[in-house]
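Every number here is computed from the coordinates shown, using simple stated rules; none is lab data. Since we're looking at a predicted model, the values are computed, not measured. Using ideal geometry, Cβ is built from the backbone for each residue, glycine included, and neighbour counts are taken over all protein chains shown.
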Amino acid sequence: MSISPSWKKLIATQLQINFDKLGPPAAYVSLATVRPDNTPANRTVVFRGFAGEDHKEATGWESDLLVMTCDKRSPKMSQITSNSAAEICWYFHGTQEQFRISGKLHIVADGDPASIKPLDEHVCRVSSPDSEKISWPNLAFRNALKQFGQDSFSWQAERLRQWYRMSPELRATFTWPTSKERGEGEDWKKDVPETLNIEGVDEETGWCKGDPKLEDGYKNFVLLIMEATKIDHVLLQSGDHRVYRL
Ligand SMILES: Cc1cc2nc3c(=O)[nH]c(=O)nc-3n(C[C@H](O)[C@H](O)[C@H](O)COP(=O)(O)O)c2cc1C
């Protein structure tokens, strides 16, 4: 299996073009799952990149797995647990093209093992130049990999890296009560943080130093990993249509 298949290169290139034109909304995708009663469930989520990769900085790893994040208390979790079939529909307005990516979702949550066997063949180590300046997400990832055993990819190290990449505002929402727990009115807002800042990286574990509430939020922070089995690409202007079956 190629870790850098043509469909992945195409998505990465078209995302960059659209990001330059439209900014962050270029990374908004519709993610459809299946409810236990077999009805479809669909919502917008942010595409966070290919697992292990950072488009600005070499990490030493590559994969063909798409990463999204969510709160483990959200309804989609039970849907994915009972049926892992899912489809991403991604419209790139800047280039007028659509990708439909079908496949299987894998959940990486707190307490899961560092290795998730069916996914391991989708990730490979690549050479990465030693850089003097390393970002905190990648420093945390490197430290966590050492802790989990640096010869293999660790999904818990990847989860930590993605946690660092969240904005302080988004990180804080993982400590908030769910909409069901909030009750009437806005009173719940008095007791919750608006931001969760990271102030440093633990040298041994990679864990983030800072607000003690970081630990509470992290427990609810989950990765959704899409293992693609089919990519359907259509260009609206020319009508060109191509299907990649994996
Ligand atoms: C622009 C936008 C981006 C969003 N990004 C995410 C995301 O990355 N992850 C997520 O779980 N929910 C995200 N949401 C919220 C979801 O669309 C959805 O409301 C929430 O996850 C609950 O979905 P569920 O009931 O299907 O679990 C986003 C919503 C919008 C409008």
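Net charge of the neighbourhood of LYS180, taken over other residues with C-beta under 14 Å away and scored Lys/Arg +1, Asp/Glu -1, is -1.
Is there a quick way to get the dipole size of segment 6-245? I mean about its Cα centre, with the Cβ of Lys and Arg at +1 and of Asp and Glu at -1; what is the value in debye to the nearest 20?
Here the size comes out at about 640 debye.
Along the axis of the charge dipole computed for the chain (Cβ charges of +1 for Lys and Arg, -1 for Asp and Glu, origin at the Cα centre), the listed residues VAL243, ALA140, PRO177 are led at the positive end by VAL243.
How much length would be gained if the chain were fully extended between LYS189 and GLN98, taking 0.36 nm per residue of separation minus their Cα-Cα distance, in nm to one decimal? List each step's numbers first, then the result.
On the way: separation 91, 0.36 × 91 = 32.76 nm, distance 3.88 nm.
Full extension of this stretch gives 28.9 nm more.
What aspartates and glutamates sit close enough to LYS72 to cross-link, taking a C-alpha to C-alpha distance under 17 Å and skipping anything fewer than 8 places away on the same chain? List returned: ASP110, ASP112, GLU158, GLU181, GLU215, ASP216. Distances between placed amide hydrogens fall under 5 Å for THR69 paired with VAL46, LEU224, all partners being 5 or more residues away or on another chain. In terms of overall dimensions, the C-alpha atoms belonging to segment 148-207 reach 51, 23, 15 Å along their principal axes, ordered largest to smallest. Can you spot the aspartates and glutamates whose alpha carbon is less than 17 Å from LYS104's alpha carbon? Ignore those fewer than 8 places along the same chain. Leaving aside aspartates and glutamates fewer than 8 places away in the same chain, those within reach of LYS104 are ASP64, GLU87, ASP120, GLU121, GLU227, ASP232. Taking every C-alpha pair closer than 8 Å and separated by at least 6 residues, the mean separation divided by the residue count of the chain gives a relative contact order of 23 percent. Binning the alpha carbon pair distances of the chain at 10 angstrom intervals from zero yields the distribution 7, 29, 36, 23, 6, 0, expressed in whole percent. Comparing Cα centroids, segment 65-102 and segment 111-143 end up 22 angstrom apart.
Subtracting the Cα-Cα distance of ARG245 and SER6 from 0.36 nm times their residue separation leaves 84.9 nm of extension gain.
Sum -39500 (n - 2.57) across every DSSP H segment of at least 4 residues in the chain, then divide by the residue count to get the 222 nm mean residue ellipticity, nearest 500. Write out the running numbers ahead of the final one.
Values: 7 runs with 65 residues, N = 246.
The helix-only estimate for the chain comes to -7500 deg cm²/dmol at 222 nm.
Go through 75-86, 125-136 and give me the packing order, highest mean Cβ count within 10 Å leading. Mind dumping the intermediate values first?
Details: 75-86: 16.6, 125-136: 10.8.
In descending order of packing, they fall as 75-86, 125-136.
Of all lysines in the structure, those lying under 19 Å Cα to Cα from LYS56, and not within fewer than 8 positions of it along the same chain, are LYS8, LYS9, LYS21, LYS133.
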